[in-house]
Amino acid sequence: MTVTAFAAETEERFALARQVADAVLFEGYVLYPYRASAAKNRLRWQFGVLVPPAWGAECEEHDFQQTECLMEPKAGATLAVEVRFLHARRRTVQRVRPDGGFDTVAELDLDDRVLVPWDEGFEERVEVIAPVDDLLGDGVTHPFRVPAREDTAPVLDAAGRTVGRLLRRSEEISGTVRLTARELDGPYRALRLTAVVENTSDWIPPEGHGTDRDAALPHSLVATHLLMALSAGSFLSMTDPPEWAKGAVAACRNLHTWPVLAGEPGRADLVLSSPIILEDHPAIAPESPGALYDATEIDEILALRTAALTDEEKREARGTDERAAAVIDLADSMPAEVLERLHGAVRSLREVTGPEPAAPDAGFPDEYGVRRPDTPWWDPASDAGFDPTQDRVVVDGRSVGKDSRVELHPGLRRTDAQDIFLRGRTAKVEAVLHDVDGGVHLAVTVDGDPGADIRREQGRFLYFQPDEITPLEDDV
């Protein structure tokens, strides 16, 4: 396969992986409530930031990342690497003067949005294609340079008149991609691939701004990650390698990034190395209605909260960034059936029931106490003897069941911050539940909780074990 043909094929393979890679690229780009004035959006871009070396020496951030993984290339194979990162582009807001000139302002108030200064993220890509044989020995070094840019865009009001402009400027960035490979000892022909991405910009912090992160960001590679593909051969999983490769995988040094198999499940010729740890073959959930950029929040809650922002808050969000504006429009236009899909999905279930067992002892351990591999771990029919609304449990000699009143005493070994605030509170038992391990759990609603009726309607209770409650009355 020629380099040109491989490049075209790789572009198709990268396209699928970029769906996940984009989520990495823009994670934390702008956080709810999507306004530049929000405290959450004043310290931005926490993942995969490669800073200029002169500034990295002054702080705890890094000027490089290193990926190491194992691959089994076939003879004559070619490796394609795509480095992706965001380039911070500083946006200034200007208002038009009567004489046609422009003055820089803190904000520009329009009918549908409020424009404010902001750092936008512009996607950059660096591509390296090299025969695997060239990576042996000294390897391949690929320096790159992204030039400074400056452009303006007019701001029009509802009537189409020019009322201002946006001035955008990005600084020069330079870096290096180094690719090397080394054959592993042993009967299997495998190589350890090392890919290093380094920020080599010569920017020096201005006097008195040695620890100013905002000054360093325009000269940094933000959310840096790699896509790597083989023309022939495969990569080995770093999380589930074959037995013979476990020692070699453990010896790999991944610094500030982690590689996983990417692309379609079942294939192993593509790797995504990102500053966020993922599982092999990560994918965007089919329920996802679009990018929300704030993975620290649950999508359903995030969409509801965004839709509930005031009109003034939405105007500011729309003026903060085009991506923030898209989130506002998405939340405002989301159909009820799409929002309902965000409530949750179960993907790990598989059918464990089937035809009647051929023998009466099917499903039981053999004479050595080993359970057969096709034995269901849980028989749904075993639930038939339980009724959460009727079952009762004896606590301190008293029978406790639905409608019993109890006092809560969360156990220290199972408690969390929320439980601490419930210690000593009284509650009503809503159900007695049994888990598959034989444990008993009491579903309760706390007295005085204004959302108790909603919890009952939706079946969302707080759960405690019998040794964490004291009965307040005997229901016998």
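Considering only protein heavy atoms and a 1.4 Å probe, what is the carbon-and-sulfur percentage of the accessible area of the chain? Carbon plus sulfur share of accessible area: 52 percent. Of all DSSP-defined beta bridges confined to the range 124-254, some 95% are antiparallel rather than parallel.
Here the dipole of the range 78-128 is about 140 debye; that uses its Cα centre as origin and unit charges on the Cβ of Lys and Arg (positive) and Asp and Glu (negative).
Only Lys, Arg, Asp and Glu carry charge here, each on its Cβ (+1 for the first two, -1 for the last two); on that basis the chain has a dipole of about 1060 debye about its Cα centre. Placing unit charges on the Cβ atoms only, positive for Lys and Arg and negative for Asp and Glu, gives the range 37-112 a dipole magnitude near 100 debye about its Cα centre. For Lys74, which lysines qualify as cross-link partners when the Cα separation must be under 18 Å and same-chain residues fewer than eight apart are set aside? Cα-Cα hits under 18 Å: none found. Relative protection proxy for 138-149, 218-229, from highest mean packing down: 218-229, 138-149 (other beta-carbon atoms within 10 angstrom). In the assembled protein chains, Glu11 presents an accessible area of approximately 80 Å² (probe radius 1.4 Å). Full extension of the chain between Ile454 and Asp435 yields a length gain of 4.4 nm, computed as 0.36 nm times the residue separation minus the alpha carbon distance. Rolling a 1.4 angstrom probe over the protein heavy atoms, how many square angstrom per residue are accessible across the chain? On a per-residue basis, the chain sits at 54 Å².
Sparse packing (at most 11 other Cβ atoms within 10 Å of the Cβ) combined with a DSSP loop state is found for the following GluC sites (Glu not before Pro) in the range 21-92: Glu60.
Using C-alpha pairs below 8 Å separated by at least 6 residues, the relative contact order for the chain is 16 percent. With an a/c value of 1.5 or above and a/b not larger than b/c for the gyration tensor axes a ≥ b ≥ c computed over the alpha-carbon atoms, the range 159-204 is described as oblate.
The values are calculated or read from the model by the stated rules, or taken from the named source; none is laboratory data. What you are looking at is a predicted structure, and each value in this text was computed from that prediction instead of being measured. Neighbour counts run over all protein chains shown; Cβ positions are idealised from the backbone, glycine included. The protein model used for the area step is the full one, side chains on, heavy atoms only, and it has no ligands, DNA or RNA in it. Shrake-Rupley method; radii C 1.70, N 1.55, O 1.52, S 1.80 Å.
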